[in-house]
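S.K.: Would you mind keeping the following structure in view while I ask a few things?
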Amino acid sequence: MAQSLLFTMSASKFVTPSNIHSLHFQYLHKPHHQKPFSIMAKSLLFTPSNIHRLHFQHLHKQYHQKSFSIIAQSLLFPVKKHAPELVTPSKPTPHEVKLLSDIDDQDVLRFHIPVIQFYNYDPSMKGKDPVDIIKKALAKTLVFYYPFAGRLREGADRKLMVDCTGEGVLFIEADADVTLKDFGDTLLPPFPCLDELLYDVPGSSNVLNATLILIQVTRLKCGGFIFAIRVNHTMSDASGIIQFMNALAEISRGMIEPSISPVWCRELLCARNPPRVTCYHPELEQAPDNKGNVISLDTMVQRTFFFGPNEVAIVRSLLPTNQQQQYSKFEIITAFLWRCRTIALQLDSNERVRLNIVVNGRYVNLRLPKGYYGNVVANPAIDTTAGKIVENRLGYMYVLNLIKNAKAKVTKEYMHSLADLIVIKGRPPFTMNEFMFIVSDVTRVGFGDVDFGWGKAVYGGPAIDSPLPGSASFYIPFTNAKGEKGFVVPLCLPAQAMERFVIEHDSVLQGISNQSANGDPN
């Protein structure tokens, strides 16, 4: 899903399930030479350049955090980039065709996902060039991960496969006349300089017949550097991407081979023969009709909300005392955010609303081998009415139980049933709903721990703040100025809805906090 999927200069100013899917998939499946060069067409590409340009113009006109303002003022600079080059495996690799799993080639995963890492100068690495070290390590790493050096093809019934051609991945060497400090005290997406730090090489963001990985390493004048990577999502989920990045980092530090050997085995998540759907998958069912009501994208604003130990404890205190430990931190914060968001949108009580949770299937008993780097993700959907969330005095508990049950239904059988349904339905598009909310927790992935020899990243993680404006949010690990460890949630909403969201959010967090300070019971 694109950060700026439907930000256009045309009369189409609203997100709807029909125009998202018709425009997006019509565009992606056109031959490259037939693709129009309109703003609409460009916005349908999942690229950092398009994401940044349209996203920055439309989402951030009315709201700027202090750190964002600093970045915007000080980092409108050109980056001196060398010509992109293909880095190929350093040794001969098998030339073969490898099928993706049926979980891999879900229609919703047919895009490129950007990740960015910021690194400080390390005196112990004086005289060593991160560009040279990482580029040489990349060639060695591709010997083990040689499918990444191939190209994606599409067969019968839109089945995806990797043609392991050994053509290589794109690599860009760059220099920027700024220091890490110039980025401000808080490194968080959106990064308004993203198009300079992860250049979209023309044609490289195509899903088929294009490079599967693009990497740019940008030296900073302070001696630090920025590592940015874009990966075709059909090849790997966040866990698979971090496995590859750690392998690259290990070889950059001098290891001969990765500590975890990559394993393909994509047949383990292919449809059964014959396929049989045994679970309910509303995320692939027809979305309910919202009677033409949509969320306008014209006045979108962005804010980022921090949840540390204190904030989590306050939200947890909303629960009955005997149930406070029955729910995870993710569950209670997701329920809190969805309820605040639904209240802020001021929907009719009978409007259908939807929550999709990105669940890592590796935590269920799939018996995947260590080193498996394919997609193991599910997006269980919760469909209910705004009234049940907002008007019910126990709305928070109602939402909380819906979320807990949705997570619990992702089992081994559920994942196999999902693969079967994807094949039976011919890889259907992900069901979109105007009032849907999608959450993806990347706090435990470990992007910040990737060490190329210069230590851990100052910031490591998503290069964009939302995969779909107004609908989707990442949970990103963060340590605030007080040294409190927690996570942040970037949100985009229409301006007036954001004002109402903040009021609802603060009335809970500040209200209960003030009660506790005054000695009042929760």
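S.K.: If Y63 satisfies all but one of (1) surrounded by 15 or more Cβ atoms within 10 Å (Cβ to Cβ); (2) modelled with pLDDT under 50; (3) part of a helix (DSSP H, G or I), what's the number of the condition it fails?
M.R.: (3)
S.K.: Looking at (1) more than 16 Å from A139 (Cα to Cα); (2) surrounded by 17 or more Cβ atoms within 10 Å (Cβ to Cβ), can you tell me which one N246 breaks?
M.R.: Failing condition for N246: (1).
S.K.: Please find, within segment 366-391, the residue that is nearest to the chain's Cα centre (by Cα) out of those that are more than 20 Å from D441 (Cα to Cα) and among the polar types (S, T, N, Q).
M.R.: This residue is T384.
S.K.: If the Cβ limit is 6 Å and pairs must be 6+ apart or interchain, which residue in segment 101-126 that is over 30 Å from P428 (Cα atoms) and part of a loop (DSSP other than H, G, I, E, B) pairs with which residue that is β-branched (V, I, T) and open to solvent by 10 Å² or more (accessible area, probe 1.4 Å)?
M.R.: Pairs found: N120/V458.
S.K.: Go through segment 453-488 and count every residue that is open to solvent by less than 10 Å² (accessible area, probe 1.4 Å) and of a type in the set (A, V, I, L, M).
M.R.: 5
S.K.: When you check T186 against the structure, is it modelled with pLDDT under 95 and either farther than 30 Å from L160 by Cβ or among the aliphatic types (A, V, I, L, M) (or both), yes or no?
M.R.: yes
S.K.: Checking L421 against (1) farther than 25 Å from L284 by Cβ; (2) aliphatic (A, V, I, L, M); (3) part of a helix (DSSP H, G or I), only one condition comes out false. Which one?
M.R.: Here L421 clears every test but (1).
S.K.: Same structure again: For segment 348-371, enumerate the residues that are open to solvent by less than 40 Å² (accessible area, probe 1.4 Å), among the β-branched types (V, I, T) and assigned to a loop (DSSP other than H, G, I, E, B).
M.R.: Result: V364, single match.
S.K.: Return the total of residues in segment 315-347 being in a helix (DSSP H, G or I), farther than 20 Å from G486 by Cα and of a type in the set (S, T, N, Q).
M.R.: Within segment 315-347, residues that are in a helix (DSSP H, G or I), farther than 20 Å from G486 by Cα and of a type in the set (S, T, N, Q) number 4.
S.K.: As an exercise: evaluate P202 against (1) touching a residue at least 40 places away in the same chain (Cβ under 8 Å); (2) part of a loop (DSSP other than H, G, I, E, B) and give the number of the one condition it does not meet.
M.R.: (1)
S.K.: Just the residues that are touching a helix residue (DSSP H, G or I) at 6+ places or on another chain (Cβ under 7 Å), more than 14 Å from N246 (Cβ to Cβ) and open to solvent by 10 Å² or more (accessible area, probe 1.4 Å), please, taken from segment 436-452.
M.R.: Once the filter is applied, which keeps residues that are touching a helix residue (DSSP H, G or I) at 6+ places or on another chain (Cβ under 7 Å), more than 14 Å from N246 (Cβ to Cβ) and open to solvent by 10 Å² or more (accessible area, probe 1.4 Å), segment 436-452 yields D441, V442.
Let's see how each residue does on (1) open to solvent by less than 10 Å² (accessible area, probe 1.4 Å); (2) within 23 Å of A174 (Cα to Cα); (3) aromatic (F, W, Y):
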site	(1), (2), (3)
G203	no, yes, no
L212	yes, yes, no
V217	yes, yes, no
E250	no, yes, no
S259	no, no, no
L269	yes, no, no
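S.K.: Another question, then. Filter segment 67-100 down to the residues that are at pLDDT 95 or above, not in a strand (DSSP E or B) and not acidic (D, E) and list them by number.
M.R.: Residues satisfying the conditions are H82, A83, P84, T88, P89, S90, K91, P92, T93, P94, H95, L100.
S.K.: Scan segment 372-387 for residues that are closer than 18 Å to H281 by Cα and buried (at least 19 other Cβ atoms within 10 Å of the Cβ) and jot them down.
M.R.: N375, V376, V377, A378, N379, P380, A381, I382
S.K.: Evaluate the following for L284: is it crowded, with 18+ Cβ neighbours inside 10 Å, at pLDDT below 95 and more than 19 Å from the chain's Cα centre (by Cα)?
M.R.: Judged against the criteria, L284 is a match.
S.K.: Looking at F144, F191, F171, F183, can you tell me which residue is open to solvent by less than 10 Å² (accessible area, probe 1.4 Å) and closer than 28 Å to Y372 by Cα?
M.R.: Exactly one residue qualifies, and that residue is F171.
S.K.: Moving to a separate point now. With the requirement that a residue be farther than 30 Å from P274 by Cα and open to solvent by 10 Å² or more (accessible area, probe 1.4 Å), what does segment 388-408 give you?
M.R.: Within segment 388-408, K388, V390, E391, N392, R393, L394, Y396, M397, Y398, N401, L402, K404 meet the criteria.
S.K.: Could you check segment 153-176 and list, in sequence order, the residues that are in contact (Cβ under 8 Å) with a residue 24 or more places away in the chain and either of a type in the set (K, R) or in a loop (DSSP other than H, G, I, E, B) (or both)?
M.R.: R153, R158, K159, C164, T165, G166, E167, G168
S.K.: If T411 satisfies every condition in (1) surrounded by fewer than 21 Cβ atoms within 10 Å (Cβ to Cβ); (2) more than 30 Å from P494 (Cβ to Cβ); (3) within 18 Å of the chain's Cα centre (by Cα) but one, which is the exception?
M.R.: Every condition holds for T411 apart from (3).
S.K.: Identify all residues within segment 219-269 that are of a type in the set (S, T, N, Q) and either at pLDDT below 95 or under 22 Å from the mean Cα position of the chain (by Cα) (or both); write none if there are none.
M.R.: Correct list: N232, T234, S236, S239, Q243, N246.
The values are calculated or read from the model by the stated rules, or taken from the named source; none is laboratory data. Computed from a predicted structure; not experimentally measured. Virtual Cβ from ideal backbone geometry, glycine too; neighbours counted across all protein chains shown. Areas reflect the complete protein model, heavy atoms only, side chains present, ligands, DNA and RNA absent. Shrake-Rupley method; radii C 1.70, N 1.55, O 1.52, S 1.80 Å.
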